[in-house]
Every structure is written in C-alpha cells, then in structure tokens.
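Novice: After the structure tokens below, expect a handful of questions from me.
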Protein chains: 2
Amino acid sequence: MRGRMSDARSYAAPTPLGSPPPTEAVARVLLSNNPGLAAGDQVLVYDAWRDHTVAKAANCRKLDPAQAPVQSWLGVLGMPGRTAWAGLKHIGKPKPGDTLVVGAATGAVGSLVGQIARLQGLRVVGVAGGAEKCRHATETLGFDACLDRHQPDLGQRMADACPRGIDIYFELTGGDVLTAVLPLLNPFARIPVCGTIASYNATTAPEGPDRLPALMRLILTRSLTVRGFIVSEFDADRPAFETEMSAWLASDRIVHKEDISHGLDSMVPAFIGMLEGRNFGKALVRLD
Amino acid sequence: MRGRMSDARSYAAPTPLGSPPPTEAVARVLLSNNPGLAAGDQVLVYDAWRDHTVAKAANCRKLDPAQAPVQSWLGVLGMPGRTAWAGLKHIGKPKPGDTLVVGAATGAVGSLVGQIARLQGLRVVGVAGGAEKCRHATETLGFDACLDRHQPDLGQRMADACPRGIDIYFELTGGDVLTAVLPLLNPFARIPVCGTIASYNATTAPEGPDRLPALMRLILTRSLTVRGFIVSEFDADRPAFETEMSAWLASDRIVHKEDISHGLDSMVPAFIGMLEGRNFGKALVRLD
C-alpha cells in the first residue's frame, strides 16, 4: 500500500490521486446476483479503502467462519502469512541450528517468520519497539531473544544475542536493524528482502558515508544471498501454505495477535501508525 | 590474492607478513620422487610467488600440452574460466534474449562471461578502459556493445546500450559501472558478485550520500537477486566445465587473450597493473 502512494518505479503501480488506496478486505455480501454467493456470506476481496463496493463473484473468495475467524485471511492465513512462510522457505532456506534475525518482530509478518523458524529448530532473535513488545516476542511467541530498538547499542546487543553469527536475516525494516545485522552475517547467509520500512518516507539519500561499496564487498566476501521478493511470486504455494498454517493454528503452535481500529476514519491513522510501529500485532480496521 | 593482502575478514585467510603471496602456477618438474611425475612434466600447482618450490605430487595436476597451451589452466580452462562459467550458470541463470552487462570486459573473467553469454543467445554489453579494449570486445569477442569507462556519461550510454533493461549484471568492478547499471535493472534481475575491484584499496567509506538504503529498496521493488560467490563453491562442476569449454575452444567459439610479463620482478607491477586495468587480457607472469 505504501509503495502505491508514490510514483517511484516499483512492482506496484501508483494509486491515482483522488482514488481510494487499494487493499484486501473481508466483506459481507449484502446482495448477490450470483448463485455461488448469498447475502450474509463473508468473502475475501481485493478492493479499496471504502465501506461498500460492487465486486464480481469471480474476484471474491467465500470464507468459512467455522474454519477460522474470517479476518485471519487478512493476516496469519492470508498475504502476511504467505509472505512469511514462502520468503522463509524459498529464500531463507532454514536449517535446524541456524540463527535467524527479524525486525518488526511482533508485526503481522515478523511474528510469523520467527514462530515458523522456531518450529523448524532455528535460534530466533527479534527486534521490536519497546519492552512490552519484546516481552511478547519471547514469552508468547517463543523467540529466543528480542532486542528493544529504542535502547542504545543495538549492534553490541545483537552480537551478544547471536553468538554463532546470523544465517538468515529476514529484512522488513532496514535502518538500524540492518546496520546491526551486517557485521554478524555468516558465510552463505540469506537475506530475503520483504520490506524496508525505515526508508519508505525518505525522499533523498541520507548524508554519508556511502555504505553501498562496503555492502557489495560484504556480499562478495561472505557469499551472501540478498533477494527481494513479493508474495505473488509464490502464489503456486498457496494451498501448501494454507494446509500447513491451518494445522499449526489448530494445534496452537502459532500465535497471532490483532490490533483492531474501528471505522473508516481510522484507516489513515492506523496505516501511519503501522508504518511507525505503533501497532501491536496485525493492524486491522473494522467497519461494522 | 588481493583479499589476502588485508586482514579484513574474508573467505581467504590473510597472507602472513614476510610470506610470498599464494597463487596458482604452472610449473615444470625438475626432480620427482613420485612415479606419477617425471622431470620435464608440466603441472598445475597451488603455491606462491616464487621461482622454485617443493610440492607433493598429490597437489600437482599433470597437464597435457597437446590438449591446450599449459597456461590455459591458469585462465580460460582454469579458475577464471570456471568462475565465469559457474557464476553465470548458477547465479546469472541466463535465458536467450536477456541483456547481460559485465565490466572488465577484456579481462580474464569478464571476457569469458560475455562470450559464454553470447553463445547462449544473450545481448552482451561490456565496459572496458579505453577505445582499444572496447574495439576488441565488440570486434574480436563478439560483444554487442562495449562502453569506455574513461568517457563521460556512462549512465546515459549504458541506458542507450540496454534498451530492454538489464537482466544479468555480472559484478567484477563495482564503482561507476555498478552506479550506471542499478537504475536499469529489470524485475528479477540477477547479480552474481564476483569482484568489486574499484573498492579493494578503500580504507574508509566514500563521502556520502549513503546509497545503501536505496540499494535495499531497489532489491525489494525489483525482486533482485544479489549473490556473492567464490568459484570453490562450484568445484563439483569442474569436469562439466572443462568438457564444455574445451569443446568451445576446439571449435574457436571462445577467444582468449593473454598479457604476459616476464620475470619474478614483474610480479608486483603486473599485479598492481591488473588491479588498475592496465593489463589487456589474462595477466600472466612467465619465469622461464
């Protein structure tokens, strides 16, 4: 969504000025001319920030509220879940004993990356904003450690938390987390690049020094893999993901937390708050 | 070799001060206690900058001068050839119609990357220092275009030479070539990182702006793969490489050029000259 609010070249076309930002939504059918959908059905639809819409039935996926709370398809069973699962699997290539670091550790994607990695026998170190989120990451999500990004000396604390170096850095944030991670990357480490929230609002490059040449040298001397991706690349994996994640949810092996705002007027503050890390869990806006 | 002349952390341990720099060499056997090697045999050996040595037969590979000039195993049939072949194959993943860019286009690795890519149906754009090297790249090596890095406006000339963008950038140089390439990279482009010559002598980061955040954003928004490697990672491919490259050489489909200096005293100037781009072809030093 944030990428579409800019005309910088990206995988997502910019939203025209004056149009509502596009988004996935869970909606309730009010009226249907299609025999496959009836009033009252709940569907997943790719639409926009608005309270009513006209959609083709072919673009609606009917959800089963008995299987999971319907909003799960916006989070743990939806795009954020698939992003975490597929980016970790296909690019992170986790092996038991690896050390994984992820920022935004209590967010929609980061919380799942860390939990899936723990299920696969990795050491998981998160970074989050504030003591409460860090406690949630270690006590509820089961991370091995979580570092408060608001405290000083992140680099030293990261080194202490990763005594065997870092094998996978799941990049969501950029900024200080990336800076702390770089010197600790092991040979053949993998960096799935899924987001760089810290720089989304930058309009010019920060004042130097220019760390680009050193990054390229690091990629060379440590045989790193740095790989940007969007979840649509792995759409073919959707059934496998839903099967595995549903089983984890059913056996309480994956925890997910929601941060719900109410009303269309809360869309903008909720969205900005999410980018600034003020949400605690998957940011959702409920309109009914 | 250059990496070993620094105690910065790398895949190669530093050469101790006072020791000769390690290198691959082709040597002639003077005396042998092993039945598999006789005086006069020519061998490939991993040794150091010196004119005589004592080596175990197990560490010597006997070469067949009837198959190719023996120094070929230091270049086109050796480590540089394997580097070009394996980096392109496994990380570059070339597809017919792709556009590939490589700097150091007339050097030991770059000249082979470009020629192999041409054989596979790619559009190949090189960068080299000076008009003579650029002519060699297009007229003798068969590159589609070669840009002189000593002329101004490399970025605009690169854009003109790559009308369909860039799908593979084989990174040998860093510096201005990388800067010119970045804005032109297509979605899902691959960047095998094999060298960053332009920054090998840097002891501090260049004055800003800091382009690291923008690079990470580019990797994200264009789903780029940036992957450092050393040829030893692909050692298992050596037989397949030698078979394919020998066939290309036998049918004159690959051209290779040597830049030979003479005498042990020329090692240092030849090595520095190679890093500064003064060689024209694979830099070799001949001692006999």
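The values are calculated or read from the model by the stated rules, or taken from the named source; none is laboratory data. What you see is a predicted model; the values in this text were computed from it and never measured. Cβ: placed from backbone, ideal geometry, glycine included. Neighbour counts: every protein chain shown. Protein only, heavy atoms only, side chains kept; ligands, DNA and RNA dropped before computing areas. Shrake-Rupley method; radii C 1.70, N 1.55, O 1.52, S 1.80 Å.
Novice: What are the residues in region A:107-124 that are without any contact (Cβ under 8 Å) to a residue 40 or more places away in the chain and either touching a helix residue (DSSP H, G or I) at 6+ places or on another chain (Cβ under 6 Å) or of a type outside the set (D, E, K, R) (or both), if any? Talk me through it step by step, then tell me what you get.
Specialist: Going residue by residue through region A:107-124, those that are without any contact (Cβ under 8 Å) to a residue 40 or more places away in the chain are A:114, A:118, A:120-121, A:124.
Selection gives A:G114, A:Q120, A:G121, A:V124.
Novice: Continuing with the same structure: If you check B:P20 against the conditions, is it assigned to a loop (DSSP other than H, G, I, E, B), in contact (Cβ under 8 Å) with a residue 12 or more places away in the chain and farther than 22 Å from B:F229 by Cα?
Specialist: Against the criterion (assigned to a loop (DSSP other than H, G, I, E, B), in contact (Cβ under 8 Å) with a residue 12 or more places away in the chain and farther than 22 Å from B:F229 by Cα), B:P20 qualifies.
Table: residues versus (1) open to solvent by 80 Å² or more (accessible area, probe 1.4 Å); (2) over 16 Å from B:L287 (Cα atoms).
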site	(1), (2)
B:R28	yes, no
B:N34	no, yes
B:A38	no, yes
B:L44	no, no
B:D47	no, no
B:V54	yes, yes
B:N59	yes, yes
B:A66	yes, yes
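Novice: Oh, and also: Listed residues B:A205, B:A189; which is over 19 Å from A:G228 (Cα atoms) and either touching a Ser or Thr at 6+ places or on another chain (Cβ under 8 Å) or not assigned by TED's automatic domain parsing to the domain that holds B:D7 (or both)? Reasoning before the result, please.
Specialist: Details: B:A189 fails: over 19 Å from A:G228 (Cα atoms).
It is B:A205.
Novice: Mind checking which residues of region A:241-258 are of a type outside the set (D, E) and in a helix (DSSP H, G or I)? Full working, then the answer.
Specialist: To start, the set of residues in region A:241-258 that are of a type outside the set (D, E) comprises A:241, A:243, A:245-251, A:253-257.
A:F241, A:T243, A:M245, A:S246, A:A247, A:W248, A:L249, A:A250 - these are the residues of region A:241-258 that are of a type outside the set (D, E) and in a helix (DSSP H, G or I).
Novice: Return the only residue of A:G36, A:G40 being small (G, A, S), away from chain B (no Cβ under 14 Å) and over 18 Å from A:W73 (Cα atoms). Break it down stepwise before answering.
Specialist: Working: A:G40 fails: over 18 Å from A:W73 (Cα atoms).
Only one candidate passes the filter, namely A:G36.
Novice: When the residues of region A:259-273 are narrowed to those that are part of a helix (DSSP H, G or I) and open to solvent by less than 60 Å² (accessible area, probe 1.4 Å), which ends up farthest from A:G174 (Cα to Cα)? I'd like the intermediate steps shown before the answer.
Specialist: In the first step, residues of region A:259-273 are kept if they are part of a helix (DSSP H, G or I); the result is A:264-273.
Filter again for open to solvent by less than 60 Å² (accessible area, probe 1.4 Å), leaving A:266-267, A:270-271, A:273.
On the way: A:S266: 27, A:M267: 25, A:A270: 21, A:F271: 19, A:G273: 18 Å.
Among residues in region A:259-273 that are part of a helix (DSSP H, G or I) and open to solvent by less than 60 Å² (accessible area, probe 1.4 Å), the one farthest from A:G174 (Cα to Cα) is A:S266.
Novice: Can you go through B:E207, B:E244 and tell me which one is more than 11 Å from chain A (Cβ to nearest Cβ) and more than 26 Å from A:P187 (Cβ to Cβ)? Before you say what the answer is, go through the steps one by one.
Specialist: On the way: B:E207 fails: more than 11 Å from chain A (Cβ to nearest Cβ).
Result of the check over B:E207, B:E244: B:E244.
Novice: Given the criteria modelled with pLDDT of 95 or more, within 11 Å of chain B (Cβ to nearest Cβ) and either more than 22 Å from the chain's Cα centre (by Cα) or open to solvent by less than 30 Å² (accessible area, probe 1.4 Å) (or both), does A:R227 qualify?
Specialist: Numbers: modelled with pLDDT of 95 or more: yes; within 11 Å of chain B (Cβ to nearest Cβ): yes; either more than 22 Å from the chain's Cα centre (by Cα) or open to solvent by less than 30 Å² (accessible area, probe 1.4 Å) (or both): no.
Answer is no for this residue.
Novice: Continuing with this model, one more query. Answer yes or no as to whether A:R238 is outside the structural domain of A:S10 (by TED's automatic domain parsing), surrounded by fewer than 21 Cβ atoms within 10 Å (Cβ to Cβ) and assigned to a helix (DSSP H, G or I).
Specialist: Working: outside the structural domain of A:S10 (by TED's automatic domain parsing): yes; surrounded by fewer than 21 Cβ atoms within 10 Å (Cβ to Cβ): yes; assigned to a helix (DSSP H, G or I): yes.
Against the criterion (outside the structural domain of A:S10 (by TED's automatic domain parsing), surrounded by fewer than 21 Cβ atoms within 10 Å (Cβ to Cβ) and assigned to a helix (DSSP H, G or I)), A:R238 qualifies.
Novice: Tell me which residues, restricted to region A:182-224, are open to solvent by 30 Å² or more (accessible area, probe 1.4 Å) and either under 20 Å from the mean Cα position of the chain (by Cα) or within 20 Å of A:M1 (Cβ to Cβ) (or both).
Specialist: A:I197, A:A198, A:Y200, A:N201, A:A202, A:T203
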